[in-house]
1. To the nearest 10 square angstrom, what accessible area does ASP54 show with a 1.4 Å probe?
2. Find out how many positive minus negative residues lie around VAL135, taking Lys and Arg as positive, Asp and Glu as negative, among other residues whose Cβ is under 15 Å from that of VAL135.
3. For SER40 and SER73 in one chain, what is 0.36 nm times their gap in residues minus the Cα-Cα distance, to one decimal in nm?
4. What residues have an amide H closer than 5 Å to that of ASN129, excluding those fewer than 5 places away on the same chain, when H is modeled at 1.01 Å from N in the peptide plane?
5. Could you sort the peptides 122-131, 39-48, 104-113 by per-residue average Cβ neighbour count (10 Å cutoff), highest mean leading?
6. What does the charge add up to near THR99, with Lys and Arg as +1, Asp and Glu as -1, over the other residues with Cβ less than 10 Å from its Cβ?
7. In segment 65-139, carbon and sulfur make up what percent of the accessible area (probe 1.4 Å)?
8. Counting only C-alpha contacts under 8 Å and six or more residues apart, can you give the relative contact order of segment 51-147 as a whole percent?
Amino acid sequence: MNRTVLMFLTTILLSLVFLMGLAFESRPAKADFGPIYIMSDGSVIGTTHILSADNVTYTFDADISGFLVVKKSDITMDGYGYTLQEPGNGIGIDLSGMTNVTVHNVQVTAALYGIFLNSSSNIIIRENNLTANGVGINLIDSFDNRI
């Protein structure tokens, strides 16, 4: 067999072995980036790490990298001590226009605004850890909130 052909076949074989190794390599779950939504119908878009069995109580089951926009009122969010890290330096948890939302036990870090309320009411924010944010909690035109 020609030496050039043998080198070519060896290169192909080694490439295939390498690619198969990548295919079966164990990797940690990819982190979430970008927008995450709790929609008005109760669905969660953008992550698999916020769970709800009843579309009323939402729980984190891992650290999340992204920003969370809540579009559903009358819910409770329990972070179970997990971290929401906002990678774009914007808003960690956006509760604009929401009513009757409870946020507790969430670690929010690296956001310009850790938790943002604009025209929000009856919001309860308790037992959270807001660190390395420009502003921990920002309130605009909001009322009857408990922090």
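The values are calculated or read from the model by the stated rules, or taken from the named source; none is laboratory data. Since the model is a prediction, treat every value here as computed from it, not as a measurement. When we count neighbours, we look across all protein chains shown, and the Cβ atoms used for this are built from the backbone with ideal geometry, even at glycine. Each accessible area value is taken on the protein alone, full model and side chains, heavy atoms only, with ligands, DNA and RNA left out. Shrake-Rupley method; radii C 1.70, N 1.55, O 1.52, S 1.80 Å.
1. It works out to around 90 Å².
2. -2
3. Result for the pair: 11.1 nm of gain on full extension.
4. VAL106, GLN107, VAL108
5. Averaged packing, sorted descending, gives the order 104-113, 122-131, 39-48.
6. Numbers: positive: none; negative: ASP74, ASP144.
So the surrounding residues net to -2.
7. Looking at segment 65-139 in its full context, I get 44 percent from C and S.
8. Numbers: 286 pairs, mean separation 21.8, N = 97.
Relative contact order comes out at 23 percent.
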